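The values are calculated or read from the model by the stated rules, or taken from the named source; none is laboratory data. In this text the structure is predicted, and so the values were computed from the model without any measurement. When we count neighbours, we look across all protein chains shown, and the Cβ atoms used for this are built from the backbone with ideal geometry, even at glycine.
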Ligand code: GDP
Ligand code: MG
């Protein structure tokens, strides 16, 4: 059985880039709630020798501010329902934002294990974020570059204990 991973976090932190990096074959999901499922994408994939079912949360990047927050919350909750482990992604360059704190609060209310990822951390640009991210309540983040494929072995080590 693959380990089910929900990739969650605010828009533009690199969730889909991480999804694509870990994904092998994408799965077409058919559901009778297209308005809701359209915002989640599924793929099988792997992290080293760990088989994964990846869930990417998306679809809210183009919404107005009014609907953004509630729509994100719904997508995140649905993805969390389905997953074994959540990858919570923040942007190492931008640091922790108010929206990141809202996601963190949602995650803390749940009992799913969370692996916190500071993405876009290529070239060691993330020292400040490491300290800052502790306030979110998930310890020190893993530094990753989804785009450049850095930090994947550390992500493997953090994920392995949940398989
Ligand atoms: P999402 O909205 O969270 O799914 O974010 P995307 O995966 O669409 O990425 C948003 C932007 O960040 C894109 O321009 C990506 O190319 C860029 N990006 C993603 N991962 C990295 C990374 O590791 N380093 C850098 N520098 N940019 C990244
Ligand atoms: Mg995306």
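How many of the residues in region 86-131 are assigned to a helix (DSSP H, G or I), in contact (Cβ under 8 Å) with a residue 12 or more places away in the chain and closer than 19 Å to residue 11 by Cβ?
Looking only at region 86-131, we keep the residues that are assigned to a helix (DSSP H, G or I), and these are 98-108, 127-131.
Still in the running and in contact (Cβ under 8 Å) with a residue 12 or more places away in the chain: 99-104, 106-108, 128-130.
Adding the requirement that they be closer than 19 Å to residue 11 by Cβ leaves 99-104, 106-107, 129.
Of the residues in region 86-131, 9 are assigned to a helix (DSSP H, G or I), in contact (Cβ under 8 Å) with a residue 12 or more places away in the chain and closer than 19 Å to residue 11 by Cβ.
Please find, within region 29-46, the residue that is modelled with the lowest pLDDT out of those that are part of a loop (DSSP other than H, G, I, E, B) and within 16 Å of ligand 1 (Cβ to nearest atom). It would help to see each step written out before you state the result.
Here is the first cut: in region 29-46, the ones part of a loop (DSSP other than H, G, I, E, B) are 29-33, 38-39.
Still in the running and within 16 Å of ligand 1 (Cβ to nearest atom): 38-39.
Values: 38: 59, 39: 72.
Per the criteria, the residue is 38.
Quickly run through region 1-28 and pick out the residues that are away from ligand 2 (no atom under 16 Å from the Cβ) and either at pLDDT 80 or above or assigned to a loop (DSSP other than H, G, I, E, B) (or both).
Step one: list which residues in region 1-28 are away from ligand 2 (no atom under 16 Å from the Cβ), which gives 1-4, 24-25, 27-28.
Result: 1, 2, 3, 4, 24, 28.
How many of the residues in region 94-126 are away from ligand 1 (no atom under 16 Å from the Cβ) and in contact with a strand residue (DSSP E or B) (Cβ under 9 Å, 6 or more places away or on another chain)? Step through it out loud before you land on a result.
If we filter region 94-126 for residues that are away from ligand 1 (no atom under 16 Å from the Cβ), which is where we start, we get 98, 101, 105, 108-114.
Adding the requirement that they be in contact with a strand residue (DSSP E or B) (Cβ under 9 Å, 6 or more places away or on another chain) leaves 108, 110, 112-114.
Final tally of qualifying residues: 5.
Which one is nearest to residue 84 (Cα to Cα), of the residues in region 132-163 that are away from ligand 1 (no atom under 12 Å from the Cβ) and surrounded by fewer than 13 Cβ atoms within 10 Å (Cβ to Cβ)?
It comes out as 161.
In this structure, does residue 49 turn out to be at pLDDT 95 or above and farther than 21 Å from residue 119 by Cβ?
On the way: at pLDDT 95 or above: yes; farther than 21 Å from residue 119 by Cβ: yes.
In short, yes.
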